[in-house]
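Worksheet for the structure shown next.
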Amino acid sequence: MSKKISLLLICLSCVLSAFSQKILSPDEFLGYQLGDQFTYHSRIVEYFKYIAKASKNVKLVQYGTTNEGRPLLTAFIASDENIGRLEEIRHNNLRLAGIEKTGADIANMPVIVWLSYNVHGNEPSSSEAAMQTLYDMVDPANTRTRPWLKNTVVVIDPCLNPDGRDRYVNFYNSIKGDKPDANPSAREHSEPWPGGRVNHYYFDLNRDWAWQTQKETQARVALYDSWLPQIHVDFHEQGSNSPYYFAPAAEPFHKDITPWQKEFQDIIGKNNAKYFNQNGWLYFTKQEFDLLYPSYGDTYPIYNGSIGMTYEQGGIGAGLAIVTRMGDTLKLSDRIAHHLSNSLSTIETGSAYAQKALDEFKKYFENSRTNPPGEYKTYVIKNDNPDKINALAKVLDLNGIQYGFGLKSDAAGYNYLTGKIEGFSIGQRDMVINAYQPKAVLLNVLLEPKTFLADSITYDITAWSLPYVYGLGAYGIAESIKPGTAGLNTVKATPATGAAYAYVCAWQSVEDARFLAALLKEKIKVRYTETPFEVGNRKFAPGSLIITKAGNGRADFNTLISHIAANYNRELVPLASGFVDKGPDLGSDHVKYIAPPKIMLMTGDGVSSEAMGEVWHFFEQQIGYPVTLVKYSDLNRIKLGDFDIIIFPDGRYGDFPMDKIQAWLRDGGKLIAMENAISQLADKKGFDIKKKEEKKNDKSGPKDQFDDRIYENRDREATRSSVPGAIYKLNMDNSHPLGFGFPKYYYAIKLSDDIYEPLSSEVGWNVGTVKKDNLVAGFVGQKSKEKIKDGMLLGVQRVGRGSVVYMVDDPLFRSFWENGKLLFSNAVFMTGQ
């Protein structure tokens, strides 16, 4: 009898033990099957927190928050043996990369597979799949996945863009019916402006990995770079009529991508295909999604030693169900299943090739440190502008790229400005970057003057070399030169002391615009000089800010100005008199008053949300100056006289209220028109802007000449009129307020072949122009190259007492085009005063 009781107790214990190990699936936890509805981000977070408590194999890390306060979470999944030593594994991995110096133990090292989901908020199926992937990896009963954790650490970031995701989910859940309407014409398949793709400030986070302009990216990449996984996958969706895409990627590949990185993409792709074949799911590889632009969720990991890949499920705008062109009904549950299959397949392949992946990872960084890629082994960035050097140093720091100062020497190298090999002197304050370092590949990709293109059909911009981005002189040197031991010059500007008649501050970077914005918010009256002047041994360039005691009659004037200058690290030069040695006196009409502008920014239907977001972010987050967002559809009811400046970002505007805008301009308003917004004004009465006409080739032959184009070459034929993003050198009239703070040239990122006829001298000024052969870097199709010459890209037109500023290309492009921020600040605060 006692034996039966003992046996019963043992069985009961086993049942209770099994019950205690039961972990709820997403369906059980949420109360509905995945795919039946979209899950709010807060519920995804709750499920990840639940799993972290329920499973001893999961560690949850909150690495940041979004602009709207939502948490950014990452789950680390490892075996019983590895979950308690994650920090040891992380440090050992950094030793493999040579970022930490002590010896690495590769024999006892798991491979790290990092899965990133839902960077575009309206591509939501992957976050749903992330929950199921997490469950499948920790479910004790899952005999398929458990063995993988013996040699693999899996990292799951369930949602890179929570603000965008919830914008989409809130939209969809608020308008769906009792059952999904699969008709593509139904309103549930058409998001309202701005859509859920972008983050709070309407930035595309998938193009921000290297630049790290957004707080979500800064937090995520800091965590990513503290681990440096061997495999990284970025999960996306594309148009709902497209089959699934996975690696291997399309050409062009950057030339620094290694044979192993290409080979392992192929291995992973074939394993993914195995499961898709078993289920009869359509897919494609080696098309459309290339590996060139360095700031994507696949390329940035690749240039940091990983096997970086993009996976794309058809489904944007599909809601819970949509009928495709083939007549099939694509359901959310299908999209989840496809992402889940590839999530698990990738982990499986990583586990199967763990040792090879680790060996190649170690080899990748050894080659970086001992045999870096690229033509140049040292880069010298001239310290032409301390603010811009500091801004560049910040981006290099964010990406773990090493640099130094304090070297004084003569050298010869490729001059980025002239495109020639020249002798030059390295100054002690110049930045010296030696390529022999762990991040050598990323360094070469970001700084090489011209990126080699194996194929002209690309998915994104083709030029981004940082010296041009920051407007700094630079040289590439074929020899290895080690930098000096001095660090970045962060010496605080010497505060002004004592009373002064006036203070002068240079105008040469966006940091000066931040200082100006702070002064204006404190109701300090500020002026600027249109022409240079001298006092004593100091020369002051056009644009220099002048803050006089006259007009600022407050007892704390000197203290307040010095305090604000110290906060923004601005050097103030005190002047004892308004009488100058050379140039106009401070009371001259060449010294202009900066009236604090009241600014309207166009938003809403017809406006490019990303272009508008760049301007919004610039004012709110970068210079801290107020801006009022107004829907374009409300423009007719707005009292324009309440605003001094209206900004029209890129967009396709309809029914432009010409008469109302013209009247406002004549009364002293300033209109800043950017990119395609200019086309709305071209050839309209009162605006002098005219598109440059293409010259017809009279030798083209008769109109009925036989057309011998080949259909299969149609994509390549289209590139002849393509400008996917190239760098042009503009001739700059830096005597005009729009050109203040610049040399006689400006490097612009050209995003189209739009170009305009020069403004007539009676009404305007051509501030930024292109002549022949102004292309510096990047791909431009032959037809577009012939078109982009002898025209105007930056101009200012007078209209009555007001003005129009024309900016044909985006000076705030993705907020990483640093040199354009001063240009835009000129348009706002200087031009047309």
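So the values come out like this:
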quantity: Pairs where the first residue, in region 156-179, is closer than 15 Å to Y117 by Cα and modelled with pLDDT of 95 or more and the second is open to solvent by 10 Å² or more (accessible area, probe 1.4 Å) and aromatic (F, W, Y), C-beta under 8 Å, 6+ apart; calculated: D166/Y40
quantity: Residue in region 370-390 that is assigned to a helix (DSSP H, G or I), hydroxyl-bearing (S, T, Y) and within 30 Å of E100 (Cα to Cα) present; calculated: yes
quantity: Qualifying residues in region 647-674 (those that are open to solvent by 30 Å² or more (accessible area, probe 1.4 Å) and outside any loop (DSSP other than H, G, I, E, B)) - the one farthest from D605 (Cα to Cα); calculated: R666
quantity: Test for I89: is it open to solvent by less than 10 Å² (accessible area, probe 1.4 Å), in contact (Cβ under 8 Å) with a residue 40 or more places away in the chain, under 30 Å from D163 (Cβ atoms) and of a type in the set (A, V, I, L, M, F, W, C); calculated: no
quantity: Members of region 784-809 that are open to solvent by 10 Å² or more (accessible area, probe 1.4 Å) and within 17 Å of Y747 (Cα to Cα); calculated: K785, K789, D790, D809
quantity: When residues of region 322-351 are limited to those that are open to solvent by 10 Å² or more (accessible area, probe 1.4 Å) and of a type in the set (G, A, S), the one modelled with the lowest pLDDT; calculated: G327
quantity: Members of region 144-170 that are open to solvent by 30 Å² or more (accessible area, probe 1.4 Å) and closer than 22 Å to L320 by Cβ; calculated: R167, N170
quantity: Filter result (touching a strand residue (DSSP E or B) at 6+ places or on another chain (Cβ under 7 Å) and open to solvent by 10 Å² or more (accessible area, probe 1.4 Å)) within region 749-758; calculated: E757, P758
quantity: P702 modelled with pLDDT under 95, farther than 30 Å from N385 by Cα and either open to solvent by less than 60 Å² (accessible area, probe 1.4 Å) or assigned to a loop (DSSP other than H, G, I, E, B) (or both); calculated: yes
quantity: Unmet requirement for E100, which otherwise passes all of (1) closer than 30 Å to K363 by Cβ; (2) open to solvent by 30 Å² or more (accessible area, probe 1.4 Å); (3) touching a residue at least 12 places away in the same chain (Cβ under 8 Å); calculated: (3)
quantity: Residue in region 78-86 that is open to solvent by 40 Å² or more (accessible area, probe 1.4 Å), in a helix (DSSP H, G or I) and modelled with pLDDT of 95 or more present; calculated: yes
quantity: Flag for N537 being in contact (Cβ under 8 Å) with a residue 12 or more places away in the chain and among the polar types (S, T, N, Q); calculated: no
quantity: Qualifying position, being surrounded by fewer than 20 Cβ atoms within 10 Å (Cβ to Cβ), of a type in the set (K, R) and assigned to a loop (DSSP other than H, G, I, E, B), among K262, K274, K270, K255; calculated: K255
quantity: Any hit, region 308-320, residues being outside any loop (DSSP other than H, G, I, E, B), open to solvent by 50 Å² or more (accessible area, probe 1.4 Å) and modelled with pLDDT of 95 or more; calculated: yes
quantity: Test result for L115, crowded, with 24+ Cβ neighbours inside 10 Å, part of a helix (DSSP H, G or I) and within 31 Å of the chain's Cα centre (by Cα); calculated: no
quantity: Count - residues of region 64-77 that are open to solvent by less than 50 Å² (accessible area, probe 1.4 Å) and either touching a His at 6+ places or on another chain (Cβ under 9 Å) or under 30 Å from A435 (Cβ atoms) (or both); calculated: 2
quantity: Some residue of region 770-783 being in contact (Cβ under 8 Å) with a residue 60 or more places away in the chain, open to solvent by 30 Å² or more (accessible area, probe 1.4 Å), under 16 Å from I678 (Cβ atoms) and in a loop (DSSP other than H, G, I, E, B); calculated: no
quantity: The lone exception for N118 - which of (1) in contact (Cβ under 8 Å) with a residue 12 or more places away in the chain; (2) at negative phi it fails; calculated: (2)
quantity: Residue in region 354-405 that is surrounded by the fewest Cβ atoms within 10 Å (Cβ to Cβ), counting only those that are farther than 25 Å from R514 by Cα and among the β-branched types (V, I, T); calculated: T370
quantity: Odd one out for S608 among (1) closer than 18 Å to A673 by Cβ; (2) open to solvent by 40 Å² or more (accessible area, probe 1.4 Å); calculated: (2)
quantity: Test: D585 is in a loop (DSSP other than H, G, I, E, B), open to solvent by 30 Å² or more (accessible area, probe 1.4 Å) and over 23 Å from V198 (Cα atoms); calculated: yes
quantity: Flag if E191 is surrounded by 21 or more Cβ atoms within 10 Å (Cβ to Cβ), at pLDDT 95 or above and of a type outside the set (G, A, S); calculated: no
quantity: Qualifying residue in region 206-218 (condition: open to solvent by 10 Å² or more (accessible area, probe 1.4 Å), among the basic types (K, R) and in contact (Cβ under 8 Å) with a residue 60 or more places away in the chain); calculated: yes
quantity: Positions within region 118-131 being touching a Gly at 6+ places or on another chain (Cβ under 9 Å) and open to solvent by less than 10 Å² (accessible area, probe 1.4 Å), in sequence order; calculated: N118, V119, H120, G121, E123, P124, S125, E128
quantity: Evaluation of G686 against (1) out of contact with any Phe, Trp or Tyr (no Cβ under 8 Å at 6 or more places or on another chain); (2) farther than 20 Å from G832 by Cα; (3) in a loop (DSSP other than H, G, I, E, B) (one fails), failing number; calculated: (2)
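The values are calculated or read from the model by the stated rules, or taken from the named source; none is laboratory data. For clarity, every value in this text was computed on a predicted model and none was experimentally measured. So basically every Cβ, Gly included, is an ideal-geometry build from the backbone, and we count neighbours across all protein chains shown. Keep in mind that these areas ignore ligands, DNA and RNA; they rest on the heavy atoms of the full protein, side chains included. Shrake-Rupley method; radii C 1.70, N 1.55, O 1.52, S 1.80 Å.
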